[in-house]
Structure formats: structure tokens, C-alpha cells
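Below is one structure; the comments refer to it alone.
Rule-based calculations on the coordinates, nothing more; no lab input. Remember, predicted model here, so these are calculated numbers, not experimental data. Cβ sites come from the backbone with ideal geometry, for glycine too, and all protein chains shown count toward neighbours.
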Amino acid sequence: MTDPHSCLILDWNGVISTRVPGTADDRQVMPGAVESLSQLLRNHFPPQRVFIVSTSKRSPEATRQRFKQFDIQERVGIFPDHLFIVDTLDEKVAMARELGGTHAVDNDPKVLLKMSWMKVRVLFRPKIAVEEVLAIDRTIRPAFDWRAAQSKLITDLCHSA
């Protein structure tokens, strides 16, 4: 069941897009992302309430190009004008708040720690020890792949319905 008040905020790099192993800058869609996100948008989050908010140290245009190249709108249902690229982590947090984010999936614990107002914060494929993050904030939920992230988001939506 879709909750019209829930708003999903996603990171791009390391969550939807990942580096192709053995290359310097080639990118691919994160395994499982298309299937999980498609189901989340079809069954739990209205497409008009799903946003990608990402920082870009390089070229924001390269991120936009990959969004088109990976055909995210057609394959997942996220609109191109729902892709926001900002310069800093603080801008990312501010944008997520401005958009009304209630649920977030990010691979940076610093971002999730600053989004304490969110109902659900999923730390995707943590690069640091999960225990370190949980020692700071036990409400952040680690997920090592998209199936686990999807499950954590759906569990919350089902319990709050």
C-alpha cells in the first residue's frame, strides 16, 4: 500500500550507481537497485515523492548523463527533475529536509546522522564497521544489498500503516 505522505530520499553514488570493478571511472547500476526501487515505487512510495539527492565532486552533468544512460526514469520510475546534485553534505541534508524526506538510503553515515528527523535511515553497504555507527545512533539500519534495504523500508511502512 502506497503512503502518500512518505518521501524517499536516495543517494546516487554507491547506492544506485557503482563503479565497475577494475576500472577507474566506469559506472554501472548497483545490482538489485532497479528491481527493488521499481517495487518500492509501484507499491509503497508515490513516484512524485521519490528523489535522488547526491553530492558531486566532479561533474554534475556526468551524473545526469548516467541517469539518462541507465534509463532510470523508464526502468524505475524516478523523474529526471527529481535528481538534485549539490556541492556539500550540509546542502544534501538541507535539500532532503526541504523535500520532506521521511525515509533515506545513503552510504555515508555522516549524512544519515544529520538526518535525525527521518523515520527510517538505511546505511547502504557500509564502508565502516556497523558497530561504530550503531554506537552513535541505534536507529540507523544497515543494509548490505538492495534486498535488505527494501525490506527495512517496507517493514517500517507496514508497521506505520
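Taking a sphere under 13 Å around the Cβ of residue 144 and counting the other residues whose Cβ falls inside, with K and R at +1 and D and E at -1, yields a net charge of +4. Per-peptide packing, taken as the mean over residues of other Cβ atoms within 10 Å, places 134-142, 64-72, 104-112 in the sequence 104-112, 64-72, 134-142 from highest down.
Under the simplified labelling scheme, the residue 119-residue 73 pair shows an inter-label distance of 2.8 nm, with each label point 7 Å from Cα along Cα→Cβ.
Were the residues from residue 20 through residue 59 laid out at 0.36 nm apart, the gain over their Cα-Cα distance would be 12.2 nm. You can think of it this way: the chain between residue 110 and residue 130 has 5.9 nm of extra reach, that is 0.36 nm per residue less the Cα-Cα gap. Only lysine pairs 8 or more places apart, or on different chains, with alpha-carbon atoms under 28 angstrom apart are counted in segment 8-160, and they number 21. Calculated [222 nm] ellipticity per residue, helices only, for the chain: -11500 deg cm²/dmol; basis is -39500 (n - 2.57) per DSSP H run with n ≥ 4, divided by all residues, nearest 500.
Residue ranges 33-42, 80-89 sort as 33-42, 80-89 when ordered by packing (mean number of other C-beta atoms within 10 Å per residue, highest first).
Treating only the Cβ of Lys, Arg, Asp and Glu as charged (+1, +1, -1, -1), what charge dipole size does segment 8-160 show about its Cα centre? Round to the nearest 20 debye.
180 debye
Rounded is the label for the chain, because the ratio a/c of its alpha-carbon gyration tensor axes (a ≥ b ≥ c) stays below 1.5.
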